[in-house]
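What follows is one structure encoded as structure tokens, with my remarks underneath.
No lab work stands behind these numbers, since they all come straight from the coordinates. These figures come from a predicted structure and were not determined experimentally. So basically every Cβ, Gly included, is an ideal-geometry build from the backbone, and we count neighbours across all protein chains shown.
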Amino acid sequence: MEWVETSEFVSTAAATIARAVSEAVAARGECVLGLCGGKTPEPVYAALASADLPADRILFTFGDERCVGPDDPQSNHRMARLAWFDPAGIPAERVLRMRGEWDPQAAAADYAGQLQVVANRLGHPDGRIVHDVLLLGIGGDGHTASLFPGTAALAETARDVAANYLPANDAWRLTLTYPALNRARHVLFLVNDSSKRAVLDAVRAADPQFPASKVRPVSGLLTWLVGV
């Protein structure tokens with residue numbers, strides 16, 4: 001595990017992501033890049049929109065999504081589109097969107113199908129998606145993607161995508177599961193909130209009560225980029 005603390009969070013994160021993407025493209029001809037939502041990555045995505053990246057060689061996916069339409073202010077896709085896709089002119093066919101406006105179970109099955117098509121095209125083992133670079137965040141309760149404490153998707157071992165009900169919010173989310181997260185070649189956590197320091201320390205110590213602590217790539221890299 002690599003732990004990087006920086007006072008120049010946005011520029012450091014953007015440079016790290018750009019380098020990881022470029023290395024994946026150089027090694028395999030294409031980069032499957034999983035995006036996270038929330039406020040932390042938004043300025044990073046805006047910085048990457050002007051980076052010299054091969055847009056036609058990047059396939060964008062999402063680690064999770066709220067069950068809302070793509071134009072809803074809460075949509076992760078909307079945030080990424082406004083911050084990165086539109087300014088950089090990313091073609092729509094290079095983005096796999098979670099259908100948050102659909103029935104949650106149907107949307108999860110649809111996204112799993114989309115990922116399987118990509119996995120088969122790229123020759124990934126067993127038709128299961130392998131992200132070259134996967135970006136994740138962490139919440140104050142230690143959740144990552146939409147794997148929240150005490151929710152059913154934490155126990156998912158067979159599917160790569162799940163509809164996860166959050167009792168505390170009385171809401172559904174779509175999320176990648178641990179099998180998909182831990183299959184990634186490089187996971188990068190983006191954290192730029194000093195109020196999460198205690199949770200970060202607990203996750204770093206592998207405290208199992210926090211879902212983020214169970215993200216441990218089986219054969220890939222794990223990097224934490226932490227703003228200070």
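The rows are residues; the columns are (1) more than 15 Å from Gly37 (Cα to Cα); (2) loosely packed, with under 13 Cβ neighbours inside 10 Å; (3) touching a helix residue (DSSP H, G or I) at 6+ places or on another chain (Cβ under 6 Å).
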| position | (1), (2), (3) |
| --- | --- |
| Asp110 | yes, no, no |
| Ile129 | yes, no, yes |
| Gly137 | no, no, no |
| His143 | no, no, yes |
| Glu156 | yes, no, no |
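Do we have any residue at all in segment 74-97 that's surrounded by fewer than 16 Cβ atoms within 10 Å (Cβ to Cβ) and touching a Leu at 6+ places or on another chain (Cβ under 7 Å)?
For segment 74-97, residues surrounded by fewer than 16 Cβ atoms within 10 Å (Cβ to Cβ) and touching a Leu at 6+ places or on another chain (Cβ under 7 Å): present.
Please enumerate the residues belonging to segment 7-45 that are closer than 21 Å to Gly227 by Cα, more than 16 Å from the chain's Cα centre (by Cα) and either crowded, with 16+ Cβ neighbours inside 10 Å or not polar (S, T, N, Q) (or both).
The answer is Glu8, Phe9, Val10, Thr12, Ala15, Arg19.
Do we find that Trp102 is under 19 Å from Leu33 (Cα atoms) and among the aromatic types (Phe, Trp, Tyr) in this structure?
no
Among the candidates Val21, Val4, Val44, which residue alone is in contact (Cβ under 8 Å) with a residue 60 or more places away in the chain and outside any helix (DSSP H, G or I)?
Criteria check complete, one pass: Val4.
Out of Val68, Val117, I need the residue that is within 20 Å of Arg185 (Cβ to Cβ) and of a type in the set (Val, Ile, Thr). Which one?
Val117
Whether any residue in segment 97-120 is touching a residue at least 12 places away in the same chain (Cβ under 8 Å) and among the basic types (Lys, Arg) is what I want to check.
yes
Pick from segment 179-210 the residues that are crowded, with 19+ Cβ neighbours inside 10 Å and touching a helix residue (DSSP H, G or I) at 6+ places or on another chain (Cβ under 6 Å): which of them is farthest from Gly100 (Cα to Cα)?
Among them, the one singled out is Val203.
Considering every residue within segment 167-179, establish whether at least one is part of a helix (DSSP H, G or I) and under 16 Å from the mean Cα position of the chain (by Cα).
Among the residues of segment 167-179, at least one is part of a helix (DSSP H, G or I) and under 16 Å from the mean Cα position of the chain (by Cα), which makes the answer yes.
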